[in-house]
1. State whether one or more residues within the range 42-49 are over 16 Å from residue 134 (Cα atoms), β-branched (Val, Ile, Thr), modelled with pLDDT of 95 or more and in contact with a strand residue (DSSP E or B) (Cβ under 7 Å, 6 or more places away or on another chain).
2. Checking residue 70 against (1) touching a Ser or Thr at 6+ places or on another chain (Cβ under 9 Å); (2) of a type outside the set (A, V, I, L, M, F, W, C); (3) under 15 Å from residue 30 (Cβ atoms): exactly one of these is not met. Which one?
3. Taking the residues in the range 25-66 that are aliphatic (A, V, I, L, M), touching a Lys or Arg at 6+ places or on another chain (Cβ under 6 Å) and surrounded by 15 or more Cβ atoms within 10 Å (Cβ to Cβ) as candidates, determine which candidate is nearest to residue 138 (Cα to Cα).
4. Quick one: is residue 101 farther than 30 Å from residue 128 by Cα, assigned to a strand (DSSP E or B) and in contact with a helix residue (DSSP H, G or I) (Cβ under 8 Å, 6 or more places away or on another chain)?
5. Would you list the strands (runs of 3 or more DSSP E) that sit entirely within the range 1-71 and hold 3 or more residues that are free of Cβ contacts under 8 Å to residues at least 24 places away in the same chain?
6. Which is modelled with pLDDT of 95 or more and either over 26 Å from the mean Cα position of the chain (by Cα) or more than 21 Å from residue 26 (Cβ to Cβ) (or both), of 110, 90, 151?
7. Of (1) of a type in the set (Ser, Thr, Tyr); (2) at pLDDT 90 or above; (3) more than 23 Å from residue 141 (Cβ to Cβ), residue 71 satisfies all except one. Which?
8. Have a look at 17, 22 and point out the one that is touching a Ser or Thr at 6+ places or on another chain (Cβ under 7 Å), farther than 19 Å from residue 144 by Cα and surrounded by fewer than 17 Cβ atoms within 10 Å (Cβ to Cβ).
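The values are calculated or read from the model by the stated rules, or taken from the named source; none is laboratory data. These figures come from a predicted structure and were not determined experimentally. Neighbour counts are summed over all protein chains in view; Cβ atoms, including those assigned to glycine, are modelled from backbone coordinates with ideal geometry.
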Amino acid sequence: MMQTWFESKVKYNKVSQSGNEQMVTESFLLDAVSYTDAETRTIRQMQELVRGGEFQIVDIKKSRIAEVFPYENGEWWFKATINIVTVDEEAGKEKKMRTYYLIMADDIKEALVRLEESLSFLVIPYVVSALAVSTIVDVFPYQPAESIVPEGYIPVSEAEKKNPIFTNGENPFDKEDTSNTEDSSNDMKDESSTLE
């Protein structure tokens, strides 16, 4: 399944290295299935990051980043723009595609080496047209532990088993009254014999 990345801008008071509080707006990248999911995940991450302080989500938008290449060590996130040229055999025309990647590295030289290493699976030739430090501060990929159902909620799969509209979760119209069907079939037999 392809990941959908959302870029979320958050405004909050950040304590600088000198100890002063300063209002900042920072961008975060997170994997989510919808804008609502992106907002929920941003709130959860910021509650851990800010620790009781106030924050405001200024903007959430879908990102055009195709893939993220995280590494254990690296201080900056670099955004790489890749141009790929493919040939449409039916039309006989070249098709140019632009793809964006995010790589963690300490400097631009290391980012380029890591990008080449991460894209070694590509068979099609490509050109790195841009590589620059990104405004994204941190990346939050999807974690299965985050999909825990909150207290007081019922998963949809369990809710479908029980029908809360009818008593005891059963629909009285689903049960067929076998005595009525037998009586009506006997009535039909009687009618057909009288017609003959």
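1. Kept after step one, since they are over 16 Å from residue 134 (Cα atoms), are these residues of the range 42-49: 42-49.
Keeping just the survivors that are β-branched (Val, Ile, Thr) gives 42-43.
When the remaining residues are screened for being modelled with pLDDT of 95 or more, the result is none.
Within the range 42-49 (the criterion being over 16 Å from residue 134 (Cα atoms), β-branched (Val, Ile, Thr), modelled with pLDDT of 95 or more and in contact with a strand residue (DSSP E or B) (Cβ under 7 Å, 6 or more places away or on another chain)), the answer is no, since none of the residues qualifies.
2. Result: residue 70 passes all but (1).
3. Initial filter on the range 25-66 (aliphatic (A, V, I, L, M)): 29-30, 32-33, 38, 43, 46, 49-50, 57-58, 60, 65-66.
Restricting the remaining residues to those that are touching a Lys or Arg at 6+ places or on another chain (Cβ under 6 Å) gives 30, 32, 58.
Next cut, surrounded by 15 or more Cβ atoms within 10 Å (Cβ to Cβ) only: 30, 32.
Details: 30: 9, 32: 15 Å.
Out of the qualifying residues, it is 30.
4. Working: farther than 30 Å from residue 128 by Cα: no; assigned to a strand (DSSP E or B): yes; in contact with a helix residue (DSSP H, G or I) (Cβ under 8 Å, 6 or more places away or on another chain): yes.
When the stated conditions are applied, residue 101 does not pass them.
5. Values: elements: 5-15, 21-31, 55-62, 65-69.
It comes to 21-31.
6. Values: 90 fails: modelled with pLDDT of 95 or more; 151 fails: modelled with pLDDT of 95 or more.
After ruling out the rest, the residue left standing is 110.
7. Looking at each condition in turn, residue 71 falls short on (3).
8. Values: 17 fails: touching a Ser or Thr at 6+ places or on another chain (Cβ under 7 Å).
From the options 17, 22, the qualifying one is 22.
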